[in-house]
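**Q** Below: one structure in structure tokens.
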Amino acid sequence: MTHYPSLEPDAKLEELFRRFPRGVAPLIALHDQILRDDSSPFSLAERELIAAFVSGLNACHFCYGAHKLMARAFGVDEALIESLVADDGHADIEPKWRPLLAYLRKLTLTPAKITADDMHQALSAGWSETAVYDAAMICALFSFMNRILDGAGIEPKPIFANPSDADLTARASSTYTGWARSANLID
């Protein structure tokens, strides 16, 4: 249920952005630059996994559901993301990822406690400084988005629970700018 009295109780992200359009266009462009640009050392699937991981840590139901779905559209098993968020030690992920995810967990939950050793652990596992920086950018973007959506009380869309194969294919072939244009949020 949305918290803004000017929005309908079941308003979705599109209605929130239409009601408060300031900053939406650059925010959407930033999503595409961070999550869809070809210059990242991470694949599209890995970037969506990080977005879902951070959103799950922040307990943002909207972004966690949306980006688990996006990661799934790129071939990531949702159970892997759930295991990573739960930190149950059973996640079937390359060992190289563990220090990077530990860094992101700390950056998400206790950012003031990040140390040079946290960076060193990720670099020692084989990640470049560019990769760690890109991961931190995704973390920051989704911490930002999580607060906007949770602060507004925006709930996940029903499609997040049971998407069709066609829905997944459409998501994997789209950009955030394309979505925003089709929703008439930007020109």
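**Q** Of the residues in segment 1-26, how many are buried (at least 18 other Cβ atoms within 10 Å of the Cβ) and not charged (D, E, K, R)?
**A** Selection size over segment 1-26: 6.
**Q** Report, by residue number, each residue of segment 37-60 that is over 12 Å from the mean Cα position of the chain (by Cα) and touching a residue at least 40 places away in the same chain (Cβ under 8 Å).
**A** Scanning segment 37-60 gives Ser40, Pro41, Phe42.
**Q** Any residue at all in segment 74-95 that is under 17 Å from Phe142 (Cβ atoms) and either touching a residue at least 60 places away in the same chain (Cβ under 8 Å) or in contact with a Ser or Thr (Cβ under 6 Å, 6 or more places away or on another chain) (or both)?
**A** Yes, segment 74-95 contains at least one residue that is under 17 Å from Phe142 (Cβ atoms) and either touching a residue at least 60 places away in the same chain (Cβ under 8 Å) or in contact with a Ser or Thr (Cβ under 6 Å, 6 or more places away or on another chain) (or both).
**Q** Look at segment 69-84 and say how many of its residues are touching a Phe, Trp or Tyr at 6+ places or on another chain (Cβ under 6 Å) and either over 19 Å from Ser43 (Cα atoms) or surrounded by fewer than 19 Cβ atoms within 10 Å (Cβ to Cβ) (or both).
**A** Summing the residues that are touching a Phe, Trp or Tyr at 6+ places or on another chain (Cβ under 6 Å) and either over 19 Å from Ser43 (Cα atoms) or surrounded by fewer than 19 Cβ atoms within 10 Å (Cβ to Cβ) (or both) in segment 69-84 gives 0.
**Q** Say whether the condition of being modelled with pLDDT of 95 or more and part of a helix (DSSP H, G or I) is met by at least one residue in segment 151-171.
**A** Of all residues in segment 151-171, those modelled with pLDDT of 95 or more come to 151-154.
Imposing the further condition that a residue be part of a helix (DSSP H, G or I) reduces the set to 151-152.
Yes, because at least one residue in segment 151-171 is modelled with pLDDT of 95 or more and part of a helix (DSSP H, G or I).
**Q** Only one residue in Ile159, Ile138, Ile81 is touching a Lys or Arg at 6+ places or on another chain (Cβ under 8 Å), within 30 Å of Leu7 (Cα to Cα) and β-branched (Val, Ile, Thr). Which one?
**A** Of the residues listed, the single one that is touching a Lys or Arg at 6+ places or on another chain (Cβ under 8 Å), within 30 Å of Leu7 (Cα to Cα) and β-branched (Val, Ile, Thr) is Ile138.
**Q** Among the residues of segment 79-121, count how many are of a type in the set (Lys, Arg) and touching a Gly at 6+ places or on another chain (Cβ under 8 Å). Quick ask: steps written out before the conclusion?
**A** In the first step, residues of segment 79-121 are kept if they are of a type in the set (Lys, Arg); the result is 96, 98, 105-106, 113.
From what is left, the residues that are touching a Gly at 6+ places or on another chain (Cβ under 8 Å) are 96.
Adding up the residues that qualify gives 1.
**Q** List pairs: first in segment 105-117 and free of Cβ contacts under 8 Å to residues at least 24 places away in the same chain and within 16 Å of Phe53 (Cβ to Cβ), second surrounded by 10 or more Cβ atoms within 10 Å (Cβ to Cβ) and among the charged types (D, E, K, R), Cβ under 8 Å, 6+ apart or cross-chain?
**A** Lys106/Asp118
**Q** Just a yes or no: is a residue in segment 97-112 surrounded by fewer than 22 Cβ atoms within 10 Å (Cβ to Cβ) and of a type in the set (Val, Ile, Thr)?
**A** yes
**Q** On to the next question. Restricting to segment 124-141, count the residues that are more than 18 Å from Ile93 (Cβ to Cβ) and either acidic (Asp, Glu) or in a helix (DSSP H, G or I) (or both).
**A** Within segment 124-141, the first condition is being more than 18 Å from Ile93 (Cβ to Cβ), and the residues that meet it are 128-130, 133, 136-137, 140-141.
Those left that are additionally either acidic (Asp, Glu) or in a helix (DSSP H, G or I) (or both): 129-130, 133, 136-137, 140-141.
So the count comes out to 7.
**Q** So which of Asp117, Asp134, Asp167, Asp150 is among the acidic types (Asp, Glu) and exposed (fewer than 12 other Cβ atoms within 10 Å of the Cβ)?
**A** On the way: Asp134 fails: exposed (fewer than 12 other Cβ atoms within 10 Å of the Cβ); Asp167 fails: exposed (fewer than 12 other Cβ atoms within 10 Å of the Cβ); Asp150 fails: exposed (fewer than 12 other Cβ atoms within 10 Å of the Cβ).
Of Asp117, Asp134, Asp167, Asp150, the one residue that is among the acidic types (Asp, Glu) and exposed (fewer than 12 other Cβ atoms within 10 Å of the Cβ) is Asp117.
The values are calculated or read from the model by the stated rules, or taken from the named source; none is laboratory data. Bear in mind the structure is a predicted one, so any value in this text is a computation, not a measurement. Positions of Cβ are generated from backbone atoms using ideal geometry, with glycine treated the same way; all protein chains shown enter the neighbour counts.
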